[in-house]
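**Q** I'd like to ask you about the structure that follows.
The values are calculated or read from the model by the stated rules, or taken from the named source; none is laboratory data. Owing to the predicted nature of the structure, the values given are computational and were not obtained by experimental measurement. Cβ: placed from backbone, ideal geometry, glycine included. Neighbour counts: every protein chain shown.
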Amino acid sequence: MFELLKRRPYRIILTANFISLIGSGLNHASIIWFVLQKTHSEQAVALLVTAITLPSLFFLPFSGVLIDRLDRRYVSMTLDICRGTSVAIVAALAFMGRAEVWHIYAMGIALGLGAFMFWPNMQALTQEMAEHSDVVPLNALVQGSAQAGWMISGAIVGFLYRRIGLGGTLSMDAASYAFSVFLMFRVRKGKHLVHNERTPLNLGRFNRDFVGGLRYAASNARVMILGIVAALFTAAMMSQNVLTAPFSDKILKAGPEGFGYCAAGWSLGAIFISVVAGTVLSKSSARLWVLSGALVLAGVACVVLPHFAILIVGVAGYVVMGAGRGMAGVGINSVLMHEVPRQLMGRTQNVINFTAIVMQLVLTMACGWLSEHLAIKYGFYAVGSFYFTGGLLAMLVARMPESGARLLAPDAPPPETLDILMPEVEAAEL
């Protein structure tokens, strides 16, 4: 797996992910603590996560088509420039002592809009640049590099936040975006498109492209159920963000440092499992069963975790959840990359993300309400139920026969074969 690091494009993508996630981790923890300290409300934290997520629903239908039609490297750079600028503005306000909660919400909206297009685009770019035999190990390295960055930020954020404040941590995040843009600029030269369509994109063609993506996802039972699994996993993982700060503050009594230790433990588990995921998931017959086990493991950790008020036990629980997250993330991405054709990956990912956002909005607000009005443990139970459901559905897919989607794998013939699954959609439109 580590032999892939000899290839310059892979090294650049992995390094850019690593640096970007350090900054994002610092940002994520800092704004959650800022809002929690200002409002003393778990529902306010849930509202922040909702503000980051909700606007993306209105842009996802457009972003999938754009990802499949534009140079994905340029899309990545543009999104990082926009996100870095918004972070730099709020950092300046924080240094001047003028940062308010609504500024954090506004920045969160901008970051959410960028992130929910950035990650489908990054996955599509990784699939585009990877050799077919490299899909699983490269996914493992991408997950590992991202989690390594998140772990470093999680380990230091509690101490940094107390010393350099919101302005300092946000400045470091803005710098990470700038460095990521520089690296992505160097990943390759020239303009690269995976879409063979040369006709300009107009409203009618956009509608056909968008509907084509929906029809593809709906026509393939394996892809549809895998999409639901991915959506449940993403919703649970994101909603968990609402619980970590109150868990550290009210159960562990460890403050920002405890939050940092838990975040570091979560990332450490994800990094460790990502190292072995490339080997464990190399056999396609085992991927879905391993994926199911990873999701169930994360669910068990969620149910058990809130019953222990000891820091080391809490961190250990987050290590287990991180391990489940790491294996599940690599498993879902790898299976989807083998199931979905390159020309439809952006749109398929956005159908999945749209579903995940709807689920996350419901789960996030439920976690905030349950934690504030009942007890934090009920928020963990709600997140765990999503992991359990995803694990059971993954078992179901593992028992299903493989479908015609295999004809559309990255090493398959060009998009003319799309008429096998969608005879009503002209191949030229895709």
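**Q** Name the one entry in Gly204, Gly212 that is among the small types (Gly, Ala, Ser), modelled with pLDDT under 75 and over 20 Å from Arg72 (Cβ atoms).
**A** Residue meeting the stated conditions: Gly204.
**Q** What tally of residues in segment 347-395 results from selecting those that are closer than 14 Å to Ile228 by Cα and either in contact with a Ser or Thr (Cβ under 9 Å, 6 or more places away or on another chain) or crowded, with 17+ Cβ neighbours inside 10 Å (or both)?
**A** 22
**Q** Now, a different point. Could you figure out which of (1) charged (D, E, K, R); (2) more than 19 Å from Thr364 (Cβ to Cβ); (3) at pLDDT 80 or above isn't true of Glu257?
**A** (3) is the only condition that Glu257 fails.
**Q** Collect the residues in segment 1-15 that are surrounded by fewer than 24 Cβ atoms within 10 Å (Cβ to Cβ) and in contact with a Ser or Thr (Cβ under 8 Å, 6 or more places away or on another chain), keeping them in residue-number order.
**A** Passing the criteria: Met1, Leu14, Thr15.
**Q** Would you check if there is a residue in segment 187-194 being closer than 22 Å to Asn17 by Cα, surrounded by fewer than 17 Cβ atoms within 10 Å (Cβ to Cβ) and modelled with pLDDT of 75 or more?
**A** Looking for residues that are closer than 22 Å to Asn17 by Cα, surrounded by fewer than 17 Cβ atoms within 10 Å (Cβ to Cβ) and modelled with pLDDT of 75 or more, one finds none in segment 187-194, hence no.
**Q** How many of the residues making up segment 25-64 are of a type in the set (A, V, I, L, M) and modelled with pLDDT under 75?
**A** The total comes to 2.
**Q** Now for a separate question. Is it fair to say Leu268 is modelled with pLDDT of 75 or more, farther than 24 Å from Leu26 by Cβ and either within 23 Å of the chain's Cα centre (by Cα) or charged (D, E, K, R) (or both)?
**A** no
**Q** Separate question: Test Ala309 against the criterion of being modelled with pLDDT of 90 or more and either of a type in the set (Val, Ile, Thr) or closer than 24 Å to Val35 by Cα (or both), and give yes or no.
**A** Considered against the rule, which asks whether it is modelled with pLDDT of 90 or more and either of a type in the set (Val, Ile, Thr) or closer than 24 Å to Val35 by Cα (or both), Ala309 comes out as no.
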